[in-house]
1. Might you check whether a residue that is out of contact with any helix residue (DSSP H, G or I) (no Cβ under 6 Å at 6 or more places or on another chain), at pLDDT 80 or above, farther than 19 Å from residue 24 by Cα and not hydroxyl-bearing (Ser, Thr, Tyr) occurs anywhere in segment 86-95?
2. State all residues of segment 69-81 that are part of a loop (DSSP other than H, G, I, E, B), surrounded by 12 or more Cβ atoms within 10 Å (Cβ to Cβ) and not hydrophobic (A, V, I, L, M, F, W, C); if no residue qualifies, say none.
3. Hey, residue 66 hits all of (1) in contact (Cβ under 8 Å) with a residue 24 or more places away in the chain; (2) farther than 24 Å from residue 112 by Cβ; (3) surrounded by 14 or more Cβ atoms within 10 Å (Cβ to Cβ) but one; which does it fall short on?
4. Is segment 60-73 home to any residue that is touching a strand residue (DSSP E or B) at 6+ places or on another chain (Cβ under 6 Å) and at pLDDT below 80?
Amino acid sequence: MTEESIYVTLVYLYKNESRGRLLKLQAGPTYVSVREILKQFGVVNLASEDKVWIKRANEDECRPDNYELYLSLEWRKFDRCTIVISPTYPKSSSLINNGAKSIQDNCEKTYEESVKEQLRIWEAKHKRLEDRAGRIPRTIKMKNRAKTVIVRKKRKKRIEAEKLKLAAEKKENSSD
């Protein structure tokens, strides 16, 4: 089963936030509900007055009717679209027409920055491991020491038990 990706930008007016995300869909005609797409952005419940407006990348405006959450759409046609959550059409329409492209650019930049940050963190961690070379961290050394002490004590007890057993057998053999 192969996957295809689409890029979707979400604008939530009340929370004053915008996020972009690359969503993976199964190859072929796949219908997914609006609610499931919003779940991928972490939006589970909407306020009662909130409505969903979607502007496709190749259109100037979004349609005048809002999208219902249960509506299943073929999201491949909505690649590079902008989803706006707001109570009324004019607010979302003006936002979409004025800044959808800049929002997408900002989201892409934020994504690239987060990838660079993760890469920097990984490189720093890798460098620390190389600097440490063959040395083991102190906590692991302490655990290993405790384990060896326990193993030595068990070995010593086992040897003493065997000696006592051999001594008892010798006593029995000598008394016979």
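1. Initial filter on segment 86-95 (out of contact with any helix residue (DSSP H, G or I) (no Cβ under 6 Å at 6 or more places or on another chain)): 87-95.
Those left that are additionally at pLDDT 80 or above: none.
No: segment 86-95 contains no residue that is out of contact with any helix residue (DSSP H, G or I) (no Cβ under 6 Å at 6 or more places or on another chain), at pLDDT 80 or above, farther than 19 Å from residue 24 by Cα and not hydroxyl-bearing (Ser, Thr, Tyr).
2. Step one: of segment 69-81, the residues part of a loop (DSSP other than H, G, I, E, B) are 69-71, 79-80.
Pick out the ones that are also surrounded by 12 or more Cβ atoms within 10 Å (Cβ to Cβ) and you get 69, 71, 79-80.
Result: 79, 80.
3. Here residue 66 meets the rest and fails (1).
4. yes
Conditions (1) touching an Asp or Glu at 6+ places or on another chain (Cβ under 8 Å); (2) under 20 Å from residue 113 (Cβ atoms); (3) at pLDDT 75 or above; (4) crowded, with 18+ Cβ neighbours inside 10 Å, marked per residue:
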site: 7; (1), (2), (3), (4): yes, yes, yes, no
site: 24; (1), (2), (3), (4): yes, no, yes, no
site: 28; (1), (2), (3), (4): no, no, no, no
site: 34; (1), (2), (3), (4): yes, no, yes, yes
site: 38; (1), (2), (3), (4): no, no, yes, yes
site: 44; (1), (2), (3), (4): no, no, yes, no
site: 48; (1), (2), (3), (4): no, no, yes, no
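The values are calculated or read from the model by the stated rules, or taken from the named source; none is laboratory data. Bear in mind the structure is a predicted one, so any value in this text is a computation, not a measurement. As a convention, Cβ positions derive from the backbone with ideal geometry for all residues, glycine included, and neighbour counts pool all protein chains shown.
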